[in-house]
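The structure appears below as structure tokens.
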Ligand SMILES: Nc1ncnc2c1ncn2[C@@H]1O[C@H](COP(=O)(O)OP(=O)(O)O)[C@@H](O)[C@H]1O
Ligand SMILES: [Mg+2]
């Protein structure tokens, strides 16, 4: 479903953020990415849908392949439709209600009729437990509620892959659970997901695969049992001790 070959990203002249990343994610895999901050996790996710342009490498999502060395605008546009991103800070449109936020992509990208877009939006809001807040503006919702609308909005894109960049790290601790539960429900419905998170216990329970990134590279990649229960990489062990204590 997702294939990354020799992906590198350099900012400016010498800030090398991603170093020759190779990654293959199968359909219905739920991949959690762990790692210290500043190691390129967000940059990797952003490169997957060209929110960030790789310096070199090939990205394939679904049936769209983009080679950084010779990409066209049309390829990039097609690639972007293959995945949808849930951001740390929700990034909802402030002047739109929950329902209007979810309808946006349905109207503008998918060119659905207004009534069809509304019907789908309400179904998705119901799925994330936000149907009763459909007419609320972001300023009248808690962070957890805004993020659940953010997830419904990403689902509305109807892409094959959902990307989550630390979806709970901006939330107050008591609101984290409701968002993780929403993500867990999606994971159980066989969505292909790549999720950057610091929630190790959640990764252990929900992910089918865990990747540890360090210093712009994939330092460990395996099942949750291998990576979280029995880490054999010393730096991974140190990282896990650090964030679970
Ligand atoms: N637009 C940018 N310009 C310059 N440097 C950037 C930019 N975005 C990210 N970086 C740098 O890339 C590195 C990795 O960032 P990021 O991918 O956000 O890491 P993570 O998500 O793992 O915390 C950091 O050192 C960061 O400062
Ligand atoms: Mg990040």
Alpha-carbon centroids, region 54-74 and region 206-245: separation in whole Å: 28
Where labels lie 7 Å past Cα in the beta-carbon direction, separation of residue 238 and residue 113 in nm: 6.2
Fewest-first ranking of 90, 50, using other Cβ atoms within 10 Å as the exposure measure: 50, 90
Fluctuation leader among 25, 86, 210 - the chain, Gaussian network, Cα springs under 10 angstrom: 25
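Could you put 72, 192 in order, starting from the residue whose Cβ has the fewest other Cβ atoms within 10 Å?
Listing 72, 192 from fewest to most nearby Cβ atoms yields 72, 192.
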Spin-label proximity, residue 126 to region 79-118 - amide N less than 19 Å from point 7 Å beyond Cα toward beta carbon: 98-104, 106, 113-118
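With n ≥ 4 as the cut-off for DSSP H runs, can you work out [θ] at 222 nm for the chain, using -39500 (n - 2.57) per run divided by the number of residues, rounded to the nearest 500?
Roughly -11000 deg cm²/dmol at 222 nm, from the helical runs in the chain.
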Which of 165, 14, 215, 232 has the fewest Cβ neighbours within 10 Å, and the rest in rising order: 14, 232, 215, 165
On Cα atoms only, tilt of 114-127 relative to the major axis of the chain in degrees: 60
Rounded to 5, the percent of DSSP beta bridges in the chain classed as antiparallel: 55
Separation of the residue 215 and residue 172 label points, Cα + 7 Å toward Cβ, nm: 4.1
Helix 143-156 vs. the chain, principal-axis angle (Cα, 0 to 90°, nearest 10): 90
Equivalent-ellipsoid semi-axes of the chain, from the Cα gyration tensor, Å, largest first: 29, 23, 15
Label-zone membership for region 83-103, site residue 142, 7 angstrom Cα→C-beta point, backbone N under 20 Å: 87-92, 98-99
Nitroxide proxy distance, nm - points 7 Å out along Cα→Cβ at residue 184 and residue 22: 3.6
Alpha-carbon Debye profile of region 91-158, log10 I(q)/I(0) at 0.16, 0.25 Å⁻¹: -0.41, -1.03
If the convex hull is drawn through the Cα atoms of region 88-212, its volume per residue in Å³: 102
In degrees, nearest ten, helix 234-244 long axis to first principal axis of the chain (Cα): 40
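Values quoted throughout were computed directly from the atomic coordinates according to the rules given, and no laboratory measurement underlies them. If you're wondering where the values come from, they're calculated on a predicted model, not measured in any experiment. Note that we place each Cβ from the backbone using ideal geometry, even for glycine, and neighbour counts take in every protein chain shown.
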